[in-house]
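Colleague: Dropping a structure here in structure tokens format, bear with me for questions.
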């Protein structure tokens, strides 16, 4: 309870903590001493004296531990080191295909993690935990991928066990779009209770914040927009085996494929973005049409979930206003006025950092929860 009060960064005296909590002076003194011993709280100067010795103030110490955060995409891997406030200290990014399998990908996460710890002068013992986002459904309670469509060899793999064996400390795993939603929410929209984050990249997915909490669904498949059928794609075969999926007609991969059919050099999403930024009309129109297709599905989501903010992120969102304009055109045109009266449809502000910030946030929320803090302090007391 005391630590939660200090997480806002404002130093407080013992007297202030007693007043805020209603706890006995001896209880507050004992818990503050325990938090000081753990390093989670540090002295922070003195308050103004009202007579006699000035009272000491105490503040949360985000440098007490560090967190490793891994954002695993279909074709890339980013691993970052953060403090307990989620501030990124250092990071490494490389191209890596998810189809290379869990041993290779998780091995790289562990290797990069150790390198980042070494570069920062921290030890493995300083690690509070590791957060991982994967590009497919994840059973969050176990950290095991759950029939991921683009991750051969990953189904039911013990990601947590693998990384705990390599790095120690707790490991938490979730879908990559869920952690991006957490990252955007934590850094930009903490005052918003209802938010959707839509990632448009190799695939399409959404992270849903409802009532201020991340909504994962029964099997971790909530927000899988990419495999919702769209009216215009009835004859297009998706890699999941069905036809007409949103991903098959509006993902970055689908747009790139369409542009190649038009004779343009577009091997992937980066090339699509470059074409749009250079003013290519064909590419610009294709990205805007992709936005319209996505908007058709999101209009139904607006009626169902009534979010306050829809954030568009992922590689294709970097193509300027074209994608966003297409989404807005359909969402505002097809949704009821009551649901869109105050709805914002915006591009991601956290950008490429959203994934690692969200993965770090997931770990920080866990390790700084009252139950975990009490368990840690009890362990220190009996050590």
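Every residue, every condition in (1) farther than 15 Å from residue 293 by Cα; (2) over 17 Å from the mean Cα position of the chain (by Cα), yes or no:
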position	(1), (2)
171	yes, no
179	yes, no
186	yes, no
199	no, no
218	yes, yes
222	yes, no
239	yes, yes
256	yes, yes
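Colleague: Let me ask another. I'm trying to understand the selection: among the residues of the stretch 368-383, which are modelled with pLDDT under 85 and either closer than 14 Å to residue 65 by Cα or not in a helix (DSSP H, G or I) (or both)?
Modeller: Result: 383, single match.
Colleague: Have a look at 281, 272, 177 and point out the one that is touching a helix residue (DSSP H, G or I) at 6+ places or on another chain (Cβ under 6 Å) and either buried (at least 17 other Cβ atoms within 10 Å of the Cβ) or free of Cβ contacts under 8 Å to residues at least 12 places away in the same chain (or both).
Modeller: 272
Colleague: Follow-up question, since we're still on this one. Among (1) in contact with a strand residue (DSSP E or B) (Cβ under 9 Å, 6 or more places away or on another chain); (2) surrounded by fewer than 24 Cβ atoms within 10 Å (Cβ to Cβ); (3) modelled with pLDDT under 95, there is one condition residue 208 misses while meeting the rest; what is its number?
Modeller: Among (1) in contact with a strand residue (DSSP E or B) (Cβ under 9 Å, 6 or more places away or on another chain); (2) surrounded by fewer than 24 Cβ atoms within 10 Å (Cβ to Cβ); (3) modelled with pLDDT under 95, residue 208 violates only (3).
Colleague: State whether the residues of the stretch 132-151 include one that is over 18 Å from the mean Cα position of the chain (by Cα) and assigned to a helix (DSSP H, G or I).
Modeller: The answer is no, given that none of the residues of the stretch 132-151 is over 18 Å from the mean Cα position of the chain (by Cα) and assigned to a helix (DSSP H, G or I).
Colleague: For residues that are surrounded by 18 or more Cβ atoms within 10 Å (Cβ to Cβ) and part of a helix (DSSP H, G or I), tally how many sit in the stretch 73-101.
Modeller: Of the residues in that region, 1 qualify.
Colleague: Follow-up. Going by the structure shown, is residue 186 assigned by TED's automatic domain parsing to the domain that holds residue 346 and either over 30 Å from residue 125 (Cα atoms) or surrounded by 14 or more Cβ atoms within 10 Å (Cβ to Cβ) (or both)?
Modeller: The answer is no for residue 186.
Colleague: Moving to a separate point now. Could you tell me whether any residue of the stretch 260-283 is within 28 Å of residue 151 (Cα to Cα) and touching a strand residue (DSSP E or B) at 6+ places or on another chain (Cβ under 8 Å)?
Modeller: no
Colleague: Just to be sure I understand the filter: pairs with C-beta atoms under 7 Å, separated by 6 or more residues or on different chains, first member in the stretch 200-224 and in the same structural domain as residue 361 (by TED's automatic domain parsing), second member at pLDDT below 90. Which pairs pass?
Modeller: Filtered contacts from the stretch 200-224: no entries.
Colleague: When the residues of the stretch 228-241 are filtered to those that are touching a residue at least 24 places away in the same chain (Cβ under 8 Å) and touching a strand residue (DSSP E or B) at 6+ places or on another chain (Cβ under 8 Å), which remaining residue is farthest from residue 204 (Cα to Cα)?
Modeller: Of everything passing the filter in the stretch 228-241, 233 is farthest from residue 204 (Cα to Cα).
Colleague: Do the conditions hold for residue 244, that is, is it in contact with a strand residue (DSSP E or B) (Cβ under 6 Å, 6 or more places away or on another chain) and farther than 25 Å from residue 179 by Cα?
Modeller: Working: in contact with a strand residue (DSSP E or B) (Cβ under 6 Å, 6 or more places away or on another chain): yes; farther than 25 Å from residue 179 by Cα: yes.
Yes: the conditions hold for residue 244.
Colleague: Across the stretch 290-342, which residue is farthest from the chain's Cα centre (by Cα) among those that are assigned to a loop (DSSP other than H, G, I, E, B) and surrounded by 19 or more Cβ atoms within 10 Å (Cβ to Cβ)? I'd like the intermediate steps shown before the answer.
Modeller: Step one: list which residues in the stretch 290-342 are assigned to a loop (DSSP other than H, G, I, E, B), which gives 306-308, 314, 319-321, 335-336, 341-342.
Adding the requirement that they be surrounded by 19 or more Cβ atoms within 10 Å (Cβ to Cβ) leaves 307, 314, 319, 335.
On the way: 307: 18, 314: 12, 319: 21, 335: 27 Å.
My answer is 335.
Colleague: I'm trying to understand the selection: among the residues of the stretch 186-205, which are over 16 Å from residue 255 (Cβ atoms), modelled with pLDDT of 95 or more and outside any loop (DSSP other than H, G, I, E, B)?
Modeller: 195, 196, 197
Colleague: Kindly establish whether residue 160 is at pLDDT 95 or above, crowded, with 17+ Cβ neighbours inside 10 Å and either within 26 Å of residue 206 (Cα to Cα) or out of contact with any strand residue (DSSP E or B) (no Cβ under 6 Å at 6 or more places or on another chain) (or both).
Modeller: On the way: at pLDDT 95 or above: yes; crowded, with 17+ Cβ neighbours inside 10 Å: yes; either within 26 Å of residue 206 (Cα to Cα) or out of contact with any strand residue (DSSP E or B) (no Cβ under 6 Å at 6 or more places or on another chain) (or both): yes.
When the stated conditions are applied, residue 160 passes them.
The values are calculated or read from the model by the stated rules, or taken from the named source; none is laboratory data. Treat the numbers as computed from the prediction; the structure is a model and nothing was measured. With ideal geometry, Cβ positions are generated from the backbone for all residues, glycine too; neighbour counts draw on all protein chains shown.
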